[in-house]
Every structure is written in structure tokens, then in C-alpha cells.
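Have a look at the structure below, then the notes.
Values quoted throughout were computed directly from the atomic coordinates according to the rules given, and no laboratory measurement underlies them. All values reported here derive from a predicted model rather than from experimental measurement. Note that we place each Cβ from the backbone using ideal geometry, even for glycine, and neighbour counts take in every protein chain shown.
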Amino acid sequence: MPVNNKLNTEFDFNNLFISENLKRLRLLNNLTTVQVGHIINKTRQGYVNYENGTREISIHDLITLSGFYNVNIDELIGNPFSNRNDKRLTFRSYDYIEDKIEPSQQMVISTINDDVITVKKYDLEIDFYWRTQTNQHNHVMLFEYYDKLYTSKVFFNKDKGGIFFIDGIPKYFTSTQAENLLFKGIYMATLKKEFSIENFF
């Protein structure tokens, strides 16, 4: 009797959890989608389908990747948004109130599973992105295209091709090439330092 290598739906494994965990482990190990594809004998697109959650991963590939990353399968299929990964930054805060600066409640920035992505542009400037896999129209996005990272607004046309910009120069892509667009985050803010302080990025 043939063995079905697909995950059994009775276990209610969520493709979203698996795809997020696959991306997290790949990036932690500084690997490209091509390299991980080779590990499980898949084309780049075959592996990308796993990361996008558009194809259910086989048990065989799940076991292979858990062995390669030296993690148990629970870490691959578990909830990546669990509060066990909660990270908090707390700041002493002040507010402007009627042209006066008054102490206020502490500002707390809380994220889970590394939801905030930073991109250091210059020695004294850093951009912040909120992690998302979905393009937000007319917003600057952080995305991967053929295993290279870019930041730009991305516009799609009716044919699902489109355009983005590299240093102001337009880069056109077809609907087929669009399959190689992997969105990472949406631009939120820029932090600029007036002078360098040790341990402050």
C-alpha cells in the first residue's frame, strides 16, 4: 500500500505556522531559498511554495529539514507567534502638554517572533519595518526578489506583472517573475542619530 507523505489534516497543522518557521530558520542560518531547495531535492520555486504556504510540505521534507537545522519537528510546526518569544523594550517617556514636557507612562514596545525588522542605511540612520508577507499598495516594502533584498514601493498591473524601483531606476517584472517576489515587511519609521553612542545601534 503506498505511503502518503502529505501531512494528515487530522493533526490540524497550520501551513502558516510551518511557512513562518521555515523562513525564520533559513534566515537564522543565512541560507538562500536555492540552497534549502537543494537540501530537500526541490527547485527554488518548489521550496518557495513551502515558505509561502501555497503547498503542503511532505513528512519526508519536514523530517529532512528538522535534521538539517538540528531542531525537533515541534519547532517546525509549532505556533511561531507564541508569547514565549515575547520581546519588550521599555523607555522612560515624556509628553508635550500645553507647551510643557511632562513625565508620562512608560512607553513599551512589544513584539513576538522578531516582528520588527531593522535595516541600517547609514552609520547614523536605521529604518524599521513591520514583518508582513503581503504587499501594501503605495507603501515602501522590504522584499526578496531572486534571493536579493530590496526596499521600494511595488506596483502590480492587471496582468499581475509590475514595477518597483532601485535607486530611482524602474525595474519591471512579468507575472511569471512575480512568483519570485517574497514580501518581508512594511516600512514604519526611520531613526536618525545626531551622534554616535555606544550600544545604541
*In nanometres, what is the gap between the two model label sites at residue 28 and residue 91, each 7 Å from Cα along Cα-to-Cβ?*
2.8 nm
*asked:* On a full-extension model of 0.36 nm per residue, what is the gain between residue 171 and residue 75, subtracting their alpha-carbon distance, rounded to one decimal in nm?
replied: 30.8 nm
_Along the Cα→Cβ direction, 7 angstrom out, place labels at residue 163 and residue 192. What is the inter-label distance in nm?_
2.8 nm
*Calculated from backbone phi, Karplus (6.51, -1.76, 1.60) coupling profile of region 56-64 in Hz, x at Gly/Pro*: 6, 6, 7, 4, 4, 5, 4, 5, 4
*Before anything else, pin down the relative contact order of region 116-192: Cα pairs under 8 Å, at least 6 apart, normalised by residue count, whole percent.*
38 percent
*asked:* Under a crude label model (7 Å from the Cα following the beta-carbon direction), how far is residue 179 from residue 137 in nanometres?
replied: 2.6 nm
*Each residue of region 22-29 in turn: what ³J(HN,Hα) in whole Hz from Karplus with 6.51, -1.76, 1.60 and θ = phi - 60°, glycine and Pro shown as x?*
4, 5, 4, 5, 5, 5, 4, 9
*Using modelled amide H (1.01 Å from N, peptide plane; none on Pro or chain starts), what sits under 5 Å from the amide H of residue 171, excluding residues fewer than 5 places away?*
164, 165, 166
*Sequence-distant lysines (8 or more away, or on other chains) whose Cα lies within less than 20 Å of residue 184*: 23, 87, 120, 121, 148, 153, 160, 171
*Contact order normalised by residue count of region 11-77, Cα under 8 Å, 6+ apart, percent*: 39 percent
*What are the principal axis extents of the Cα atoms in region 36-78, in Å, biggest first?*
25, 19, 13
*How far, in nm, would the chain grow between residue 126 and residue 148 when pulled straight, counting 0.36 nm per residue and subtracting the alpha carbon separation?*
6.0 nm
